[in-house]
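K.L.:
One structure follows; several queries about it will come next.
The values are calculated or read from the model by the stated rules, or taken from the named source; none is laboratory data. Not measured: the values here are computed from a predicted model. Using ideal geometry, Cβ is built from the backbone for each residue, glycine included, and neighbour counts are taken over all protein chains shown. These area figures cover heavy atoms from the full protein model, side chains too; ligands, DNA and RNA do not enter into them. Shrake-Rupley method; radii C 1.70, N 1.55, O 1.52, S 1.80 Å.
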Amino acid sequence: MTEALPIARTCPFDPLAELRDRKAVSRLRFADGTLGWMVTTHTESRKVLSDPRFSHRGEIVRSPIRPATQPSAPGSFLFMDPPEHTRYRKLLTGQFTVRRMRMLEPRIEQITKELLDAMTPPTDLVRAFALPLPSRVICELLGVPYTDHEFFEQNSHQMVDPTINADIRDAAGDALFGYLYELVQGKRAAPADDVLSGLVDDLDDMELTGIAIMLLFAGHETTANMLGLGTFALLQHPDQLAKLHDDVDGAVEELLRYLSVVQYEVNRTALEDVELGGEVIRKGETVLVSIPAANRDKFERPDELDVTRSTAGHLAFGHGVHQCLGQQLARIEMRVGFSALFTRFPGLQLAVNPTDVPLNVERGIYGVASLPVTW
Ligand code: HEM
């Protein structure tokens, strides 16, 4: 039986057909050479993500695509377990309020409009729209002054761009860290109405900078790939695109399920031996929770994009204590983004053959590297 990570896709939207032939819990070789597990069913995925015997501490969680473990930076609570995680998560939940999300919505509409206004055919939708939209929304959230948004966008894109040289990517990460550290100090001196200002009394500068970087990482590439790959999927399914405006919220949920862009980033390491799906996960072994596979389990006709279906229980935002903190924000961005894009350009179409759209098959977050479109 194979222990290799299945990465080849026969169709850009279908996850890995071979996953379905795997047992619920099967062996997987991680990038550092150690043997761990992969979970492909909905039930077992939820079990792993809600069981405190599985840890997400940076120092012990292995990745199927990056050989080194990543010790968690101060404030980076995605890579911490309770009770350390709980304290940060509570503080952040207090900042991601319904009120703040409501206040952001008109700004998201405005940013979307500005980006669409600036587009001329043909264009790469990833560079012109899918990437800048979430990065400018994070600028709003963190209170990055408008005058700095170009610096912020350019460096945050480079930080996640797989096509550029690793030194340039690291330099972009360093430049952003330096920038955010200064931004945090500025917020402490003169607080405004943004997430970082709301936390200055509870956290130190390194923690706040770590949180800002984490929000940028967690919210940027994920949302960008949902917008880019989601547009590609809708263009390839005109019958579903025709129904988009009837219930955009429902369509967004189905796109989240169908595309499951977070393909290799949801991993946990056992803190003790745990019985799971007929196997014993040994203490210290890492488990990859395959969100694309879990989101194809339990649903009828799972390989069909059906924007009218019920998607209740999908795991695109994870499950358990680490379930996505930014999900309401991401939903607003996708609702506003898809609605405005297809209203503004009803004749939007691919400018290349669908088989020529480059896919990021090996990245933790799946998606299109570029999407040439015209109208
Ligand atoms: C469609 C876009 C998005 C998707 C598919 C997505 C998906 C996910 C998933 C699967 C997790 C859980 C990871 C795990 O359990 O290991 C997660 C966590 C997280 N997400 Fe998102 N996310 C999206 C957008 C955002 C946005 C816009 C933000 C904020 C600006 C955000 C902030 C976070 C944070 C802070 C966590 C960690 C929560 C914790 O550890 O308690 N995400 N996301």
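K.L.:
Just the number please: accessible area per residue for the range 254-375, 1.4 Å probe, all protein chains included, in Å².
P.N.:
Details: 4550 Å² over 122 residues.
Result: 37 Å² of accessible area for each residue.
K.L.:
Just the number: Rg to Rh for the range 135-287, Cα atoms, Kirkwood Rh, two decimals. All intermediate terms of the calculation are to be shown ahead of the outcome.
P.N.:
Details: Rg = 19.8 Å, Rh = 18.5 Å.
Result: Rg/Rh = 1.07.
K.L.:
Just to confirm, what accessible area per residue do you get for the range 133-251 at 1.4 Å probe, in whole Å²?
P.N.:
On the way: 4770 Å² over 119 residues.
Per-residue value: 40 Å².
K.L.:
Further question on the same structure: How large is ³J(HN,Hα) for each residue in the range 2-14, as worked out from phi by the Karplus curve 6.51 cos²θ - 1.76 cosθ + 1.60 (θ = phi - 60°), to whole Hz, x for Gly and Pro?
P.N.:
Working through the residues one at a time gives 6, 10, 7, 6, x, 10, 6, 10, 8, 10, x, 9, 7 Hz.
K.L.:
Going down the table (Lys90/Lys298; Lys23/Lys90; Lys90/Lys113; Lys47/Lys283; Lys47/Lys90), which pairs top 25 Å between alpha carbons? Write down the numbers at each step before the final one.
P.N.:
Details: Lys90/Lys298 32 Å; Lys23/Lys90 37 Å; Lys90/Lys113 33 Å; Lys47/Lys283 16 Å; Lys47/Lys90 23 Å.
The answer is Lys90/Lys298; Lys23/Lys90; Lys90/Lys113.
K.L.:
Assign unit charges at the C-beta atoms only (+1 for Lys and Arg, -1 for Asp and Glu), then state the dipole size of the range 280-357 relative to its Cα centre in Debye, rounded to the nearest 20.
P.N.:
Values: 9 positive and 8 negative charges, 56 e Å.
Here the range 280-357 has a charge dipole of around 260 debye.
K.L.:
So for the range 256-375, Kirkwood radius off the Cα pairs, Stokes-Einstein at 4 °C and 1.567 mPa s: how many µm² s⁻¹? Working shown, then result.
P.N.:
Numbers: Rh = 17.2 Å.
The Stokes-Einstein estimate is 75 µm²/s.
K.L.:
Here's something else I'd like to know. In Å and whole numbers, how far do the C-alpha atoms of the range 289-351 stretch along each principal axis, longest first?
P.N.:
If we take the Cα atoms of the range 289-351, the spans are 39, 29, 23 Å.
K.L.:
When a/c is below 1.5 the answer is rounded, else prolate if a/b is larger than b/c, else oblate, so apply that to the range 1-108 with a ≥ b ≥ c taken from the square roots of the Cα gyration tensor eigenvalues.
P.N.:
Details: a/c = 2.18, a/b = 1.52, b/c = 1.43.
The shape class here is prolate.
K.L.:
Ratio to report: Rg/Rh of the range 44-157, with Cα atoms as the point set and Rh obtained by the Kirkwood method; give two decimals.
P.N.:
Reported Rg/Rh, Kirkwood definition of Rh: 1.06.
K.L.:
Which translational diffusion coefficient, to the nearest whole µm²/s, is obtained for the range 211-295 from the Stokes-Einstein equation, given a Kirkwood hydrodynamic radius over C-alpha pairs, 4 °C and 1.567 mPa s?
P.N.:
Estimated via Stokes-Einstein, D reaches 84 µm²/s.
K.L.:
How would you order 78-88, 213-223 from highest to lowest mean count of nearby Cβ atoms within 10 Å? Don't skip to the answer; put the middle values down first.
P.N.:
Working: 78-88: 16.5, 213-223: 22.2.
Per-residue Cβ counts within 10 Å, averaged per peptide and sorted highest first, yield 213-223, 78-88.
K.L.:
If you consider only alpha-carbon coordinates, what radius of gyration and Dmax does the range 127-167 have, in Å?
P.N.:
Taking only Cα atoms of the range 127-167, I get Rg and Dmax of 10.6, 30 Å.
K.L.:
Also, I was wondering about something else. When a/c reaches 1.5 or more, the comparison of a/b and b/c decides; with that in mind, is the range 1-43 rounded, prolate or oblate per its Cα gyration tensor?
P.N.:
On the way: a/c = 2.23, a/b = 1.35, b/c = 1.66.
Oblate is the answer for the range 1-43, as a/c is 1.5 or above yet b/c matches or exceeds a/b.
K.L.:
Using the C-alpha gyration tensor of the range 80-147, what are the square roots of 5 times its eigenvalues, in whole angstrom, with the largest one first? Working shown, then result.
P.N.:
Details: eigenvalues 192, 42, 18 Å².
Its equivalent ellipsoid spans semi-axes of 31, 15, 10 Å.
K.L.:
Counting every Cα pair in the range 122-216, what percent are over 23 Å apart?
P.N.:
Numbers: 1115 of 4465 pairs.
Pairs farther apart than 23 Å: 25 percent.
K.L.:
For the chain, rounded, prolate or oblate, judged on the Cα gyration tensor with a ≥ b ≥ c (square roots of eigenvalues), a/c < 1.5 rounded, else prolate if a/b > b/c? Write out the running numbers ahead of the final one.
P.N.:
Values: a/c = 1.60, a/b = 1.07, b/c = 1.49.
Oblate, because a/c is 1.5 or more while a/b does not exceed b/c.
K.L.:
Tabulate in residue order the Karplus-calculated ³J(HN,Hα) for the range 214-227, using 6.51 cos²θ - 1.76 cosθ + 1.60 with θ = phi - 60°, rounded to whole Hz; enter x for Gly and Pro.
P.N.:
Values per residue, Gly and Pro as x: 5, 4, 5, 5, 6, x, 8, 5, 4, 5, 4, 6, 5, 5 Hz.
K.L.:
What ranking, highest mean first, results for peptides 127-137, 105-115 when packing means the other Cβ atoms within 10 Å averaged over each residue?
P.N.:
On the way: 127-137: 23.5, 105-115: 16.2.
Per-residue Cβ counts within 10 Å, averaged per peptide and sorted highest first, yield 127-137, 105-115.
K.L.:
Per the helix-only calculation at 222 nm, which mean residue ellipticity applies to the chain, given -39500 (n - 2.57) for every DSSP H run of n ≥ 4 and division by its residues, nearest 500 deg cm²/dmol? Provide the component values of the computation, followed by the final result.
P.N.:
Numbers: 11 runs with 156 residues, N = 375.
It comes out at -13500 deg cm²/dmol, rounded to the nearest 500.
K.L.:
Please list 3J(HN,Hα) in residue order for the range 194-207, calculated via the Karplus relation 6.51 cos²θ - 1.76 cosθ + 1.60 where θ = phi - 60°; whole Hz, with x for glycine and proline.
P.N.:
Values, residue by residue: 8, 4, 5, 4, x, 10, 4, 6, 9, 10, 8, 5, 5, 4 Hz.
K.L.:
Percentage of Cα-Cα pair distances in the range 41-101 greater than 15 Å, rounded to whole percent?
P.N.:
Numbers: 1144 of 1830 pairs.
Value for the range 41-101 (Cα pairs over 15 Å): 63 percent.
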